[in-house]
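Encoded as structure tokens, the structure appears first; notes follow it.
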Amino acid sequence: MLLSARKLCRSFGDNQVLFDIDLDLQAGEVHALLGENGAGKSTLVKILAGYLRATSGDMFIDDKQKSYRSSGEAEADGVVMIHQELALAELLSVEENIFLGCELRRGLFLDRRAMRERSQAALAELETHVNPRARVKDLSTSDQQMVEIAKAITRNARVLIMDEPTATLTESEVKVLFALINRLRQRGVAILYISHKLREIEQIADRVTVLRDGHLVDSGPMAGRSKEELARLMVGRDINEMYPPLTQLPEDGAVVLEAQGMVVPGAVKQASFTLRRGEVLGFGGVVGSGRTALIEAVLGIRVKSAGKVLRNGQPVVLRHLRDAVRQHIAYLTEDRKGKGLVLNMDLRSNVTLLNLRAYCHPLIDRRLEEQAFQEAIQRFDIRLRTAVRTAAELSGGNQQKLLLAKVMTIDPEVVIINEPTRGIDVGTKHQIYRFIHELTEAGRSVILISSEMSELIGLSHRVAVMCAGVLTGVLEGEQINEQEIMQYASGIKGVGADEQRYA
Amino acid sequence: MSSVMPNDKVAENKKSKSSGVDVDLKTWGPFIALAALALLGMLINPAFLGLDNLSNMLTRSAFIGIIAIGATFVITAGGLDLSVGAMAAFIAGVMIILMNSLVEQFGTGITTVLLGVGASLLLGLCAGFINGIVTTKGKIEAFIVTLGTMGIYRSLVTYLADGGTLSLDWGVRDIYRPVYYGSLLGIPIPVLVFLLVAVVGYILLNHTRFGRYCFAIGSNEKVAEYSAIHVDRIKTMTYMLQGVCVALATIIYVPRLGSASGATGVLWELEAIAAVIIGGTMLKGGHGRIWGTVVGAIMLTMIGNILNLTDAISNYLNGTVQGIIIIVAVYLQRASWRKTGP
């Protein structure tokens, strides 16, 4: 056995996220690691690659016990991880990145020619046209991913861990990647492939391990396991139980928000949609299909080159998020830490920041703020460990609740939620789904951008699907299923925005 | 490996325990340091605590202190202003030229002084606005912009003084003199202004939206943008506030010597930044303290004062002692941040 793990456990504070995980990797196999967001996949592979330490449990390479204190130690044993968020030095060139930390030298000086040749060889093997001298910053995301893989190859990886490698790749790039994986497999490399795209896993996996809520629920050869079975194992319950019932829409549901002919340079080519009162409008599509760009352009955060936004049937000009706030449109960003919360600020100030004016007369009224904060804790069930002072100290789920509390201070009629459950435990997910249900029950409207298919299917009245900057279609009722969404998301079905505008 | 868990627990307990102590140390650290320094001064020379010496010291710290309060806002909001020293010299120069030329029309009365004071405030506001607008709209780092304006103002004052010194009309000087040398209820006027600016600054930073937005912008500009905050406007306002503070400091400074030259206000920007940092404000923004800044400014002056009162260390080593104190202060702050920070 090339790599095996026995009874790995990991806790963050009081929160245990991995429970007694066993995993075996053989040379020359592609082992798929399946699970929903928050199931513990990333934590597990981070332990294997030396980025995190297990709280308890053992790990063996070639039947020798190992306990890595850093990713460097793991790399020395040939265990290399390709990150979900790419970890490249942006301002360095491709070849400098490939050899970063293990530069070839001739005497005291760098052997640039040898490094260039070996980079070129590695990149050629990946069938990419990336120039080894190009700056990483100037490459597309998929090319950057190829550079990461080239980096791993030149380091003679024996175990290659790929964390959602296709999340940012186009279909043709995925094909190249899979061909490469096959070649690596033939060379005897063990590949641990993380994904929740069952279709891909069906194509390339030899064996599969399913995690759910930090527990190992299934492991074995891929042959003989169906997609449906794996999907049920991943989710662990029927979709019906996961999601609250849909809010009954009134027959003549008024349109509260409408976007017509939106064009965002470099991101959205053509998109129009309507949002009715009390409705959840889902937005599906792969990462980079232009969903966030479209919504941010509607809100006035991004510049659009064409398009109209109507609020309650009246054209409105939104130049900045402030204008959207004035129109009672709230936006929950997908980037909680980077755009949503001031991490080193106390929780109370975070809640009131968006609508601070309401807590001033004219100096800030700390009592009003505290009151609003206590109400938020109650309403959103924010769980505070003792001595939590700043938002950074909260767990992902509680941060998301705090962000919800923050945007709800403007008393919105339209709530736009971007990836509401990314990196959140299952329990909190339920709460957020229930909260979305409460919003629509109260006659508010919700736009839900999500990369989780089951979430879109379980929560949305209609699902708008985008593909490469074009809104390819809006699905309704029976049409809302995984296959249809995939077909619209990959551009097989649906053409332009023309038909759906009148739908 | 199974022993890791209890260790983690212990480490966590320790962390939460020490964070409680750190909070106090961070808030009160500058005050404790000031008290220690005062004690040292008293031990070295009992004259240190004399009323004359104390009021003299506070008066001298008022210039840097007032400027540093403005700098607290700029730095808290994630900016930096290197131009304040040169700006002070430039404002002083223009003010003197203006008042001298107004003597013909308005005589050496209070009107002339008031017009000079008004012009100074206006000039400070404009200079700050330029710094702010170029940084925000031009999207250039504050360091570079204010390095540029620093050079511009410095050379302008040299040009205005024709390489020499600009002197205030003697008549005006007599009228203007009390602004530096006078006192009210036994407290020197500069100290009163310093105190007033500090109180206003404290309220502005801790009890208004403007202040809260400064913290948010300094912590994370993107989050501020997504919180519907006028980021560019708030940042520009911090530079304008800084300009007004520089103007106020200059208004107090001019009657002291009654002159301005290319050497006026040299290195004030660094002293102001040092006062802000000693006071516990983070140079990278997001965290600011007005009273800390006040203490920082007083400490810087106090070091010089103590060195004056003793023969143990040469007065020429003033900069050395100041430098050591700045580095130690920041080291202590960082060490505590590292333990509690994210």
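General remarks:
- Residue within segment A:271-283 that is outside any loop (DSSP other than H, G, I, E, B) and closer than 24 Å to A:Glu173 by Cβ present: yes
- Residue list for segment B:222-241, restricted to those being facing chain A (nearest Cβ under 8 Å) and either of a type in the set (S, T, N, Q) or in contact (Cβ under 8 Å) with a residue 40 or more places away in the chain (or both): B:Ser227
- Entry remark, segment A:330-360: residues being assigned to a helix (DSSP H, G or I) and either within 9 Å of chain B (Cβ to nearest Cβ) or not aliphatic (A, V, I, L, M) (or both) number 12 in total.
- Positions within segment B:255-266 being surrounded by 22 or more Cβ atoms within 10 Å (Cβ to Cβ) and touching a Leu at 6+ places or on another chain (Cβ under 7 Å), in sequence order: B:Ala260
- Scanning segment A:10-52 for residues that are at pLDDT 85 or above, part of a strand (DSSP E or B) and surrounded by fewer than 19 Cβ atoms within 10 Å (Cβ to Cβ) returns A:Phe19, A:Asp20, A:Asp22, A:Asp24.
- Some residue of segment A:394-417 being more than 18 Å from A:Leu341 (Cβ to Cβ) and free of Cβ contacts under 8 Å to residues at least 40 places away in the same chain: no
- The residues of segment A:284-313 that are under 25 Å from A:Leu354 (Cα atoms), over 20 Å from the mean Cα position of the chain (by Cα) and outside any loop (DSSP other than H, G, I, E, B), listed by number, are A:Ala297, A:Val298, A:Leu299, A:Val309, A:Leu310, A:Arg311.
- Selection count, segment A:197-232, where residues are without any contact (Cβ under 8 Å) to a residue 24 or more places away in the chain, part of a strand (DSSP E or B) and not hydrophobic (A, V, I, L, M, F, W, C): 3
- Counted residues, segment A:138-157 - those being more than 16 Å from A:Cys102 (Cβ to Cβ), surrounded by fewer than 20 Cβ atoms within 10 Å (Cβ to Cβ) and in contact (Cβ under 8 Å) with a residue 60 or more places away in the chain: 1
- For the condition within 30 Å of B:Leu115 (Cβ to Cβ), of a type in the set (S, T, N, Q) and surrounded by 24 or more Cβ atoms within 10 Å (Cβ to Cβ), B:Thr236 does not qualify.
- So B:Ala247, is it within 14 Å of another protein chain (Cβ to nearest Cβ) and either crowded, with 21+ Cβ neighbours inside 10 Å or under 19 Å from the mean Cα position of the chain (by Cα) (or both): no
- Any chance B:Ser314 is away from chain A (no Cβ under 14 Å), over 30 Å from B:Asp162 (Cα atoms) and free of Cβ contacts under 8 Å to residues at least 60 places away in the same chain: yes
- Within segment B:210-221, residues that are more than 9 Å from every other protein chain (Cβ to nearest Cβ) and over 9 Å from B:Lys235 (Cα atoms) reach partners that are surrounded by 24 or more Cβ atoms within 10 Å (Cβ to Cβ) and basic (Lys, Arg) with beta carbons closer than 9 Å, at six or more positions or on different chains, in the pairs B:Glu221/B:Lys235.
- For segment B:216-233, the tally of residues that are of a type outside the set (Ser, Thr, Tyr) and either surrounded by fewer than 24 Cβ atoms within 10 Å (Cβ to Cβ) or not in a helix (DSSP H, G or I) (or both) stands at 10.
- When A:Thr440, A:Thr421 are checked against the criterion of being outside any loop (DSSP other than H, G, I, E, B), at negative phi and either more than 10 Å from chain B (Cβ to nearest Cβ) or touching a helix residue (DSSP H, G or I) at 6+ places or on another chain (Cβ under 6 Å) (or both), a single residue qualifies: A:Thr440.
- Listed by first and then second residue, the pairs with beta-carbon distance under 7 Å, at least 6 apart or on different chains, first residue in segment B:106-126 and among the aromatic types (Phe, Trp, Tyr), second buried (at least 18 other Cβ atoms within 10 Å of the Cβ), are B:Phe106/B:Thr112.
- Looking only at segment A:374-392, residues that are surrounded by fewer than 20 Cβ atoms within 10 Å (Cβ to Cβ), within 14 Å of chain B (Cβ to nearest Cβ) and not in a loop (DSSP other than H, G, I, E, B) come to 2 in all.
- Residues of segment A:301-329 classified as at the interface with chain B (Cβ under 10 Å from one of its Cβ atoms) and not β-branched (Val, Ile, Thr), total: 6
- Of all residues in segment A:361-372, those satisfying the criterion of being modelled with pLDDT of 90 or more and either within 9 Å of another protein chain (Cβ to nearest Cβ) or closer than 21 Å to B:Phe210 by Cβ (or both) are A:Leu363, A:Ile364, A:Asp365, A:Arg366, A:Arg367, A:Leu368, A:Glu369, A:Glu370, A:Ala372.
For every residue, the table says whether it meets (1) more than 30 Å from B:Tyr202 (Cα to Cα); (2) touching an Asp or Glu at 6+ places or on another chain (Cβ under 8 Å).
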| site | (1), (2) |
| --- | --- |
| A:Ala324 | yes, no |
| A:Thr352 | no, yes |
| A:Ile364 | no, no |
| A:Gln371 | no, no |
| A:Val388 | no, no |
| A:Leu403 | no, no |
| A:Ile410 | no, no |
| A:Ile416 | yes, no |
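- Out of A:Ile181, A:Ile194, one residue alone is assigned to a helix (DSSP H, G or I) and at pLDDT 85 or above. It is A:Ile181.
- Taking the numbered list (1) in a helix (DSSP H, G or I); (2) closer than 28 Å to B:Glu141 by Cβ in turn, B:Gly265 passes all entries but (1).
The values are calculated or read from the model by the stated rules, or taken from the named source; none is laboratory data. It should be emphasised that the depicted structure is a prediction, and the values quoted were computed from it without experimental measurement. Ideal geometry is used to build each Cβ from the backbone, glycine not excepted, and the neighbour counts take in all protein chains shown.
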